[in-house]
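The values are calculated or read from the model by the stated rules, or taken from the named source; none is laboratory data. Here the structure is a predicted model, which is why all the values come from computation and not from measurement. Quick reminder, even Gly has a Cβ in these numbers, built from the backbone with ideal geometry, and neighbours come from all protein chains shown. Protein only, heavy atoms only, side chains kept; ligands, DNA and RNA dropped before computing areas. Shrake-Rupley method; radii C 1.70, N 1.55, O 1.52, S 1.80 Å.
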Amino acid sequence: MQVQGMQVVVAGAATAGAATALLLARAGATVRVLDRVPEMRAAGAGIALAANGQAVLERLQLNTLLNQATQINGARIVDANERTLLAPPEGTDLRIVTRAALQAALFEAMRSTPGIAITLGVTVEAATPDGRVIVRHSASGQREAMQADLVVGADGVHSRVREQGRFGASVRRSGIHYVRALSPAAPSEALEAWTSAGLFGMLPLQRGSYLYASCGTPELERAIEAADLDAFRMAWQRAFAPSATLLAPLQRFDELLVHEVIRVSCRQWHDGRLVLVGDAAHAMAPNLGQGGNSALVDAVVLMESLRNAKDLPEALAQYTARRRPAVQRVADTSARLGQISEWTQPAMRWLRDRVLMPLASRGDSSRMMRDVLQEDPGWLRGR
Ligand SMILES: Cc1cc2nc3c(=O)[nH]c(=O)nc-3n(C[C@H](O)[C@H](O)[C@H](O)COP(=O)(O)OP(=O)(O)OC[C@H]3O[C@@H](n4cnc5c(N)ncnc54)[C@H](O)[C@@H]3O)c2cc1C
């Protein structure tokens, strides 16, 4: 079908929304991007771009961002004494960037792409399968209605677009909290430790590190609840001594970003003229680092489905049929990894570390990599 001349509204200007808007506009669509935030401010900690996400960013010509990233061959999973439980699969290529740098690069690219109009400070209140969108402008309180050929719900885990359509969505809270932060201290190497308090990960950035940690014990949960940085630090220092170097320079609790892991799965990713991308369609546990990468892949598959199908219903059906099972597999594996990394009882940890992990390290890692990446990076790159 013709993408040229399509009128598209994209709800959400972050990873999924920006990538989708850029691809559609470059193919000739007129795209209006809406976000409820008044300005796209530097927010978040870090993100690990896997080969699939990197390929999409190359396709979007964001090579400068990729060149600024720290390149690593994956992170070892270790126990609290830094004994290897699982080495990264051969050929793993990760680039670590700050989320602020990723957002800024995507936003700048949108600003300089003809065919994209960005409006910030507007909340999408309703979007219906016939392509009608109602928004409220935060500054004036005024409502505005608009009509589109395609409405892209890239509005994250609590998506309003998803609420309006028949997507058969299930939203499950895990009760598990993750903390993320940037630290000026450099890690000795890229590691993810599975310990008696849950997991603690450290990835190198150009300057300093990106750290993330779960809160697997009542002591850590209490520290989070009380916003007590010292208690958080002490609990992690006892469980995993190398955490101390990275946590020591932090000065305020609000340097830690705290999120509950929420899983979203939808039976359909489209309804009429509405389509979901990114966390709106498939928020997942962070343990394979594929949430944002999968959002970037969604954008390419949606674009190619539109280009190759005869009409919109066929394109959106193709998109769902290709993305849903691939993402479901990754999200299931991620959730399982998340669960076993949270085993804090000594007997369970012994079973995991001495039996399950050695078995896992003998598995077919190239098949696992293909499943995780979902699509061939060469195809995603557009070559
Ligand atoms: C602890 C943790 C670690 C992670 N690590 C990684 C990693 O290493 N690699 C990776 O690939 N992924 C990672 N992820 C997942 C990744 O952060 C998300 O999958 C990704 O950010 C989703 O992007 P998105 O654009 O779909 O949604 P979001 O980033 O949530 O963006 C949604 C946008 O929509 C806007 N919005 C929301 N509602 C409305 C509305 N009603 N009207 C208008 N605008 C609206 C918001 O302001 C926002 O800008 C991690 C997640 C967690 C929790």
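Yes/no per residue for (1) open to solvent by less than 20 Å² (accessible area, probe 1.4 Å); (2) among the charged types (D, E, K, R); (3) farther than 22 Å from ALA80 by Cα; (4) assigned to a loop (DSSP other than H, G, I, E, B):
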{"site": "SER140", "(1), (2), (3), (4)": "no, no, yes, yes"}
{"site": "ASP155", "(1), (2), (3), (4)": "no, yes, yes, yes"}
{"site": "GLU163", "(1), (2), (3), (4)": "no, yes, yes, no"}
{"site": "VAL179", "(1), (2), (3), (4)": "yes, no, no, no"}
{"site": "GLU219", "(1), (2), (3), (4)": "no, yes, no, no"}
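Does ILE262 count as touching a residue at least 40 places away in the same chain (Cβ under 8 Å), part of a strand (DSSP E or B), open to solvent by 10 Å² or more (accessible area, probe 1.4 Å) and within 14 Å of the ligand (Cβ to nearest atom)?
Working: touching a residue at least 40 places away in the same chain (Cβ under 8 Å): yes; part of a strand (DSSP E or B): yes; open to solvent by 10 Å² or more (accessible area, probe 1.4 Å): yes; within 14 Å of the ligand (Cβ to nearest atom): yes.
Here the answer is yes, as ILE262 does meet what is asked.
Residues in segment 344-371 that are in contact (Cβ under 8 Å) with a residue 12 or more places away in the chain and over 16 Å from GLY74 (Cβ atoms) were compared, and the one that is least open to solvent (accessible area, probe 1.4 Å) is ARG352.
Residue by residue, here is whether (1) acidic (Asp, Glu); (2) within 18 Å of GLU192 (Cβ to Cβ); (3) in contact with a Lys or Arg (Cβ under 9 Å, 6 or more places away or on another chain); (4) within 16 Å of the ligand (Cβ to nearest atom) holds:
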position: ASP279; (1), (2), (3), (4): yes, no, no, yes
position: GLN290; (1), (2), (3), (4): no, yes, no, yes
position: ASN293; (1), (2), (3), (4): no, yes, no, yes
position: ALA326; (1), (2), (3), (4): no, no, no, yes
position: GLY338; (1), (2), (3), (4): no, yes, no, yes
position: LEU356; (1), (2), (3), (4): no, yes, no, no
position: LEU359; (1), (2), (3), (4): no, no, no, no
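Applying a threshold of 8 Å to beta carbon distances and a minimum spacing of six or more residues, or different chains, the list of pairs starting in segment 11-25 at a residue that is closer than 18 Å to VAL122 by Cβ and ending at one that is within 11 Å of the ligand (Cβ to nearest atom) and among the basic types (Lys, Arg) reads ALA11/ARG160.
Output yes when any residue across segment 36-44 is open to solvent by less than 10 Å² (accessible area, probe 1.4 Å) and modelled with pLDDT of 95 or more, and no when none is. Among the residues of segment 36-44, not one is open to solvent by less than 10 Å² (accessible area, probe 1.4 Å) and modelled with pLDDT of 95 or more, which makes the answer no. Counting only strands (runs of 3 or more DSSP E) that fall entirely inside segment 1-120 and contain at least 3 residues that are farther than 25 Å from GLN374 by Cβ and within 15 Å of the ligand (Cβ to nearest atom), the qualifying elements are 30-35, 116-120.
Confirm whether LEU150 is hydrophobic (A, V, I, L, M, F, W, C), open to solvent by less than 10 Å² (accessible area, probe 1.4 Å) and within 12 Å of the ligand (Cβ to nearest atom). It would help to see each step written out before you state the result.
Details: hydrophobic (A, V, I, L, M, F, W, C): yes; open to solvent by less than 10 Å² (accessible area, probe 1.4 Å): yes; within 12 Å of the ligand (Cβ to nearest atom): no.
No, not satisfied.
When ALA231 is tested against (1) closer than 30 Å to ILE72 by Cβ; (2) more than 24 Å from the chain's Cα centre (by Cα), just one condition goes unmet, and that condition is (1). Across segment 191-217, the qualifying residues are those that are open to solvent by 20 Å² or more (accessible area, probe 1.4 Å) and away from the ligand (no atom under 13 Å from the Cβ), and the one among them that is nearest to LEU246 (Cα to Cα) is PRO204.
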